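See below for the structure under consideration.
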Amino acid sequence: MRRVTPALATAGVAALLAAAAFPAQAHPDHRSDSTSYGTKAPYEPRQNPRTYQKAPAGFVPVFTENVSRHGSRAATDSEDGDLVLALIAKAGTANGLTAKGRAFGPKVQALQTAMSKVGYGDLSGRGEQELKSTATRLAERLPSLFSTIAKKNEKIDVVSSGQGRAVDSANIFAGTLASKDPSLKPLIGATRTDVDLLYFHKAAGGKAYRDYIANDQRLATTLKTLTDQPKTHSAAGSVLKKLFRTSFVDTLSADDQVAAAQAVYNLYAIAPAMVQESPGGKGWGLEKFISKRDADWFGYLSDTEDFYEKGPGFADSDITYKMADVLLDDFFKKAEAKRADTTDLGAELRFTHAEEIIPLAALMGLPGSTRPATTTHPYTYATNPWRGADVAPLGSNIQWDIYRKGTTYLVHMLYNEQETAFKPTCKPISKGSKFYNLNELERCFGRTTN
């Protein structure tokens, strides 16, 4: 999350600020319990597999492909913990700690130690389990497909961004499939790296996007305005005064208060991902040190940045998600190769990051990612369904299962393991069905002239 800087004092920004007000009561009633964690929310499948629609009579699975974010991980660095511990030490010498503040320090230190042991940015125990469980459910969902893969000596291709946590996720996922059916082991290729496909925001195809992030004035103004509003400073004071005496908090500048409160929030948000490393595996209990109201607000600020930098963004621009076309194109190419009988692949398994899942969801028009913002109607929880915890939690995934009957090929999509309709311009095989003819998907995504 960006650090707060003083607000821009212009009439246009003031109008934007007024439109962006985010009162606590504006939370939708259906908001998930994990919303305040943003994209650091740990993974949970969104549907019981027993309730999935069955393929139409005569159709059998012939191919499956996915793209998955890496599993739960440690924080990418120690910055937040270091900041909080330094502040606690300073307050301690000035008699500026509350009882909660004195209790918070040892918990932060223990969490820091656990993350250092795991490796900053690396998969936690929970992250490993998320990947194992998702792979197990895939094997259980398509047993006949994997038995056919083994019988026909087809291949399972595994590809990652090349980043450590994505490589580890790929290896754990593939290893789990092999453990469920040892006959698959020799058919699973070594995890290969494709940066252009699965780290496109940092590859050649993301050059225009990176320029947008670095230099777009509208983006900078919008994020500064939505972040640096009175509610943020109020929430920061509320967070800090649980840990520090008011007299100590008052010695910090307004910007330093927000930076410190953001660090406390970031520790709160990463803690569930590290649950297996907590004492007794029972959790870190950091929710006791930040109110739900304040956590929700800082979760909103985190979502705001992700929405504008990776998600639907501004209504008049596709710069945040256009580059994801390389990944959607690969989904289609693999399915089309299966239909054309020009591949020996039975499964394509891809592992990547939130920076790829979020724009792909926007490009595909997946639920929650269909509504961009405008300058006069900015992103708020009250007016937009986009939530990082739903769109791209840790371990999030998009899966296509391909079924065949004769020369007809159907696609069944799962998004975070919930069967999901394609965008409204795509017509399913029948009303209410979650199965789509591959030809129809090619038409509605503009891949053919038919």
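Assorted remarks:
- Filtered by the rule that a residue be of a type in the set (Phe, Trp, Tyr), closer than 28 Å to residue 129 by Cα and open to solvent by 20 Å² or more (accessible area, probe 1.4 Å), region 41-66 gives a lone residue, 52.
- Where a residue in region 369-395 is over 11 Å from residue 312 (Cα atoms) and open to solvent by 50 Å² or more (accessible area, probe 1.4 Å) and its partner, wherever it lies, is in a loop (DSSP other than H, G, I, E, B) and among the hydrophobic types (A, V, I, L, M, F, W, C), with Cβ under 7 Å and at least six apart: 382/22
- Each residue in region 95-137 was checked for being in a helix (DSSP H, G or I) and either surrounded by 14 or more Cβ atoms within 10 Å (Cβ to Cβ) or of a type in the set (D, E, K, R) (or both), and 29 pass.
- Of all residues making up region 268-286, the number that are free of Cβ contacts under 8 Å to residues at least 24 places away in the same chain, of a type in the set (Gly, Ala, Ser) and not in a helix (DSSP H, G or I): 1
- Whichever residue in region 301-321 is among the charged types (D, E, K, R) and touching a Gly at 6+ places or on another chain (Cβ under 7 Å) and, among such residues, is surrounded by the most Cβ atoms within 10 Å (Cβ to Cβ): 303
- Residue within region 112-133 that is of a type outside the set (Gly, Ala, Ser), touching a Pro at 6+ places or on another chain (Cβ under 8 Å) and touching a residue at least 40 places away in the same chain (Cβ under 8 Å) present: yes
- All conditions but one from (1) part of a helix (DSSP H, G or I); (2) open to solvent by 10 Å² or more (accessible area, probe 1.4 Å) apply to residue 235; the one that does not is (2).
- Considering residues of region 202-232 that are part of a helix (DSSP H, G or I) and among the small types (Gly, Ala, Ser) only, the residue least open to solvent (accessible area, probe 1.4 Å): 206
- Output for region 322-356, where each listed residue is within 30 Å of residue 263 (Cβ to Cβ) and either open to solvent by 40 Å² or more (accessible area, probe 1.4 Å) or charged (D, E, K, R) (or both): 355, 356
- Some residue of region 381-399 being of a type outside the set (A, V, I, L, M), under 16 Å from residue 66 (Cα atoms), at pLDDT 95 or above and not in a loop (DSSP other than H, G, I, E, B): yes
- Filter result for residue 299 (among the small types (Gly, Ala, Ser), in contact (Cβ under 8 Å) with a residue 24 or more places away in the chain, under 19 Å from residue 208 (Cβ atoms) and not in a strand (DSSP E or B)): no
- Within region 138-196, considering residues that are open to solvent by 50 Å² or more (accessible area, probe 1.4 Å), touching a Gly at 6+ places or on another chain (Cβ under 7 Å) and assigned to a helix (DSSP H, G or I), the one nearest to residue 121 (Cα to Cα): 165
The values are calculated or read from the model by the stated rules, or taken from the named source; none is laboratory data. Source: prediction; values computed, not measured. Every residue, glycine as well, gets a Cβ built from its backbone with ideal geometry; the counts of neighbours run over all protein chains shown. Note: areas computed on protein heavy atoms with side chains; ligands, DNA, RNA excluded. Shrake-Rupley method; radii C 1.70, N 1.55, O 1.52, S 1.80 Å.
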